[in-house]
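Worksheet: one structure, shown below.
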Amino acid sequence: MAITIPIITDFNSKGIDSATRQFQKLETTGQKAAFAVHKAAVPAGIALVALAAGAIDAANAAITDQAAQDQLSRSLDKTTNASDGAIKSVDSWITATSNATAVADDELRPALAKLARGTGDLAQAQQGLKIALDISAATGRPLGAVSDALSKAYAGNATALGKLDPHVKAMIK
C-alpha cells in the first residue's frame, strides 16, 4: 500500500539576493576575489578540522587495537602451551570469527584470553570461545560474562556457569 503526500513549497531567494547585492557593491576585481575566497574559506576550514579529527581518531583506534593484540599474545604465551606460530595466527582467527559472528574483536580478544587462562590450551580456548558466543547469543548475556563463567567452569567451578541460566544450572546438577 503506497501513501502519497503532496508537498508544495515556494522558493525564497532572499539569501541569494542579499549575497548578490553585497558582491555587486564591491568595486574592484580584487575585492570580488577576496569576497569569494573569504566565503569559501570558512567551510573549507571546518572541513579541514573535521578531517584532522577523523585522522586522530583513526590513529588512536589503530594504537588501541595493536595494544590489545599484543596483550592477547602475551597472555597466550604465558598461559598456554601453544607455539609462537599458533599464537601469531590467532589474530587472523579473531578477525575471521569477528566477521562471521558480527562481534567486535575488542570483545573477542579478552574473552579468548580468559578462556585460555581457564583451560591452559589455545585450541580448547578457541573451542570454548565458540561455545561462549553461542551461549551469549542464546541468553543475551554479555560475551565477557559468559567467557568468564566458562573459564571458571573449565577450572572446576561451575557455580558462575549455573548463574547464567536456570536451565544450565539444572543440567549441571
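Details
- Selection of helices (runs of 4 or more DSSP H) fully inside segment 40-140 by the criterion of at least 1 residues being among the hydrophobic types (A, V, I, L, M, F, W, C), in contact (Cβ under 8 Å) with a residue 12 or more places away in the chain and open to solvent by 30 Å² or more (accessible area, probe 1.4 Å) returns 84-101, 122-139.
- Subset of segment 49-92 (residues that are under 19 Å from LEU108 (Cβ atoms), more than 22 Å from the chain's Cα centre (by Cα) and aliphatic (A, V, I, L, M)): LEU76, ALA82, ALA86, ILE87
- Complete set of residues in segment 118-168 that are charged (D, E, K, R), more than 23 Å from the chain's Cα centre (by Cα) and over 19 Å from SER73 (Cβ atoms): LYS152, LYS163, ASP165
- Qualifying residue in segment 151-171 (condition: closer than 19 Å to GLN71 by Cα, open to solvent by 20 Å² or more (accessible area, probe 1.4 Å) and free of Cβ contacts under 8 Å to residues at least 60 places away in the same chain): no
The values are calculated or read from the model by the stated rules, or taken from the named source; none is laboratory data. This structure is a prediction, so every number in the text was calculated from the model and none was measured. Because the Cβ atoms are built from the backbone with ideal geometry, glycine has one as well, and the counts that use them run over all protein chains shown. What goes into the accessible areas is simple: the full protein's heavy atoms, side chains included, and nothing from ligands, DNA or RNA. Shrake-Rupley method; radii C 1.70, N 1.55, O 1.52, S 1.80 Å.
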